[in-house]
Amino acid sequence: SQLDPDRLFSAVDFSRSPTVLIAVSGGGDSMALLDLAATHLPAGRLAAATVDHGLRPGSAAEAQAVARFCATRGIRHLTLRWDG
């Protein structure tokens, strides 16, 4: 069966939180979730964060790609660099 995004998001009451924060790695699954949320949540209610763990050479570029996507959709985005 196919997932209905309208049904998925209507099942969650977002009214109690002024902002919904989504952690986005830059991979296909998290980008799809971000796109769905941006489509189904009211404007200004969504924020995204990416943690660049620095474990792979391309991790910084992936975080920048998420930031660019968010900029085009008007989504607040923060990239955090892991130094642990």
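Assorted remarks:
- Looking at L55, L78, just one residue is part of a strand (DSSP E or B) and on the phi < 0 side of the Ramachandran plot, and that residue is L78.
- The residues in region 19-30 that are open to solvent by less than 70 Å² (accessible area, probe 1.4 Å), under 21 Å from R7 (Cβ atoms) and in a helix (DSSP H, G or I) can be counted, and the count is 1.
- Which numbered condition A61 misses (of (1) closer than 28 Å to D4 by Cα; (2) part of a helix (DSSP H, G or I)): (1)
- Of all residues in region 1-49 being within 17 Å of L78 (Cβ to Cβ) and β-branched (V, I, T), the one that is modelled with the highest pLDDT: V24
The values are calculated or read from the model by the stated rules, or taken from the named source; none is laboratory data. Values in this document were obtained by computation on a predicted structure and should not be read as measured data. Glycine also receives a Cβ, built like all others from the backbone with ideal geometry; neighbour counts cover every protein chain displayed. In case anyone asks, the SASA skips ligands and DNA or RNA and just uses the protein heavy atoms, side chains included. Shrake-Rupley method; radii C 1.70, N 1.55, O 1.52, S 1.80 Å.
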